[in-house]
Amino acid sequence: MIKNKKVIYSTKWLAYTALMTAFVVATMAIPAVPTVAGRIYWVDGMVLFAAYLLDPFAAFIAGGVGSLLYDAIQAPHMMLATLLIHGLQGATVSFLLHCVPPRNLKKLECVKAAVCAVIGGVIVVAGYFIYRYVTSGLAVAVASIPRNVIQEVIGICIATAICYGTTVKTQLVKRGLLPDFKREILDHKTNNANQKEVENNEI
């Protein structure tokens, strides 16, 4: 495990975060779809999928760092903006889905996930609008909105279909393969108390 002052990140947490980050980067292997509104990329679907499965910090890393590495090859000049926009997208969706009531919705979780993803989509559309406005002007910023909206709709459909239209998440949870927020990211004080208790018992 890797420790800092407040939390302990388990090997499982690190593995899943790295895996989902790699999946986000891997979407660049899927050809973009040219449309009248512009080229449509597939990265948002995997960013949202990561947010559906992981905690907010892990989702920020997967979405932000994964997209940054994606743009390091595709569009280096957009790396910083992409890190912030997609990182915030992943973290926000994950937080709203996992940390904001109602929770444990079971069959209705897919509905909440889709609503959270729409909010994440608004962040992306607004974020790139601001970026385009600052770097290229109002006309370019406005012209980018339709493409970004289409891309977000496609991403939401893909992520929700994979996560809730199949048994992927159910099987991962059932087999204990997903990081558990309460068990995998432990309070440092609690862990220290447990360690002291073990040491006392050994003495």
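Structure values in brief
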| read-out | value |
| --- | --- |
| Solvent-accessible area per residue, Å², over the range 119-159 with all protein chains present [probe radius 1.4 Å] | 49 Å² |
| With all protein chains modelled, accessible area of Lys112 [1.4 Å, Å²] | 30 Å² |
| Simple label model, 7 Å out from Cα along Cβ direction - Gln171 to Lys112, nm | 2.5 nm |
| Per-bin percent of Cα-Cα distances, the range 55-184 [5 Å] | 2, 10, 16, 23, 20, 13, 9, 5, 2, 1, 0 |
| Loop sites in the range 115-182: trypsin sites (Lys or Arg not before Pro), DSSP, at most 14 other Cβ within 10 Å | Arg175 |
| Surface share of carbon and sulfur [accessible, 1.4 angstrom probe, percent] for the range 11-89 | 80 percent |
| Cα convex hull of the range 1-107 - mean projected area over all directions, nm² | 8.7 nm² |
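The values are calculated or read from the model by the stated rules, or taken from the named source; none is laboratory data. Every value quoted in this text rests on a predicted model; they were computed, and no experiment measured them. Counting neighbours? That spans all protein chains shown, and the Cβs are built from the backbone with ideal geometry, glycine included. These area figures cover heavy atoms from the full protein model, side chains too; ligands, DNA and RNA do not enter into them. Shrake-Rupley method; radii C 1.70, N 1.55, O 1.52, S 1.80 Å.
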